[in-house]
Amino acid sequence: MKTAIVLAALATLAIGSTRDQVGPPLVDHHQHLFSPAVVRLVTPNPLPPGGVALQPIDADRLIALLDSAGIRRALVLSVAYTWGNPSRNVENEYEKVKAENDWTAEQVARYPDRLRAFCSLNPLRDYALKELARCAANPLLRSGLKLHIGNSSVDYHNAQHLERLRRVFRAANERRMPIVIHMRASISKRLPYGRDEARIFLDSILPRAPDIAVQIAHLAGAGGYDATTDSALAVFVDAIAAHDPRVKQLWFDVTTVARNATDDTAKLLATRIRQLGLDRVLYGSDGATGGNLPPREAWAEFLKLPLTEAEFRTIANNVAPYMR
């Protein structure tokens, strides 16, 4: 009994030592800015009991948060797709999408050595290819594209949706614009998601962008880590193990995956990260509003996973090609 207690105490000390010795990430690969307009759009009025209101975040605020965490640079993913959420029925929607992308570009331009922006849009909208071309012509937005499958209500089993998504992937590939994609289908609409849908993405969508890097957000989930997310991620784990050429430019960010993780979930996360390959794994924090942790606290939470000091350091030092 005494021996077990001593060993447990030593293990705890070792974990604490690892956290102390691993410096902050070089890049936060998953950040957002929130304009006052988009905050008004998504904040319920009145706020429900226990609800957490979003707060505007501009470039100055984000830089302060990064400085607090010791993180030098960040990839800023526009939230313009939020205006294209079909459940909102926004008047003059495309004008609002353009304005949000442009506002994000203007903010990032204030810190050109530290921030880089990806534009965003709903891939199902008729204006999707037009906005992608417009972003590609803007030096501040042509770095890449953010897609949010859940927010855009993309159904992996709708043939028309898949064709529109393929068109956007093809157009981004032609313009050499890397993609960050939130793959998880809509939770609120209860659209199917898991292994079958990840297989559809691998077989039908990803091959349309063979020449660009694609970053899968939240380890193929929506934050946290559950059995549904694991079943989707397992598709990519298997493809990587099989040396499938379609995944040669795939990256995975660990944004908010460690949130409220149980011991068993933390162990599974560590296993999956190793199976993906440490060199493919990117650190990200997510926008520090609406209940999300700031970058410093988010990194501390991630360091609770049962990875080694060397593994944490590899992830901290990984920099995606579009951030170099």
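The values are calculated or read from the model by the stated rules, or taken from the named source; none is laboratory data. Worth saying up front: this structure is predicted, and the values here are computed from it rather than measured. No Cβ is skipped: glycine too gets one built from the backbone with ideal geometry, and neighbour counts run over all protein chains shown. Each accessible area value is taken on the protein alone, full model and side chains, heavy atoms only, with ligands, DNA and RNA left out. Shrake-Rupley method; radii C 1.70, N 1.55, O 1.52, S 1.80 Å.
Highest mean packing comes first when the peptides 225-232, 140-147, 278-285 are listed by Cβ atoms within 10 Å, giving 140-147, 278-285, 225-232. Roughly how tilted is helix 93-108, in degrees to the nearest 10 and between 0 and 90, from the longest Cα axis of the chain? So the helix axis and the longest Cα principal axis differ by about 50 degrees.
Using 0.36 nm per residue and subtracting the Cα-Cα separation, the extra length available between Asp126 and Arg88 on full extension is 12.0 nm.
Our Cα-only numbers for segment 35-78 put the radius of gyration and Dmax at 13.3, 38 Å.
With the simple model of a label 7 Å out from the Cα in the direction of the Cβ, His157 to Arg190 spans 1.2 nm. Computed with every protein chain present, the accessible area of Ser153 is close to 20 Å² [probe 1.4 Å].
Estimated from the Cβ-Cβ distance and a Förster radius of 35 angstrom, the FRET efficiency linking Ser231 and Ser68 is about 0.45. Applying the Karplus relation 6.51 cos²θ - 1.76 cosθ + 1.60 with θ = phi - 60° to segment 303-320 yields 3J(HN,Hα) values of 5, 7, 5, x, 9, 7, 4, 5, 5, 4, 5, 4, 4, 4, 8, 5, 10, 4 Hz, where x marks Gly and Pro. Near His30, the amide H atoms lying under 5 Å from its own belong to Leu75, Ser285, Asp286; only residues 5 or more places off or on other chains count, and H is placed 1.01 Å from N.
Averaging sequence separations of C-alpha pairs under 8 Å and six or more residues apart, then dividing by the length of the chain, give the relative contact order as a whole percent.
On the way: 571 pairs, mean separation 64.0, N = 324.
Computed value for the chain: 20 percent relative contact order.
Given in Å, the Rg to one decimal and the Dmax to the nearest whole number for the Cα atoms of the chain are 19.5, 69. Per-atom-type breakdown for the chain gives carbon and sulfur 51% of the accessible area (1.4 Å probe, protein chains only). If I fit a long axis through the Cα atoms of helix 159-174 and take the longest principal axis of the Cα atoms of the chain, what angle between them do I get, 0 to 90°, rounded to 10? Computed tilt is about 80 degrees. Taking all protein chains as they are arranged and a probe of 1.4 Å, the heavy atoms of Asp264 leave approximately 110 Å² accessible to solvent. Take every pair of alpha-carbon atoms less than 8 Å apart whose residues are at least six positions apart; their mean separation over the length of segment 112-161 yields a relative contact order of 41 percent.
When shorter helices are ignored and each DSSP H run of at least 4 residues is given -39500 (n - 2.57), the per-residue value for the chain at 222 nm works out to -12500 deg cm²/dmol.
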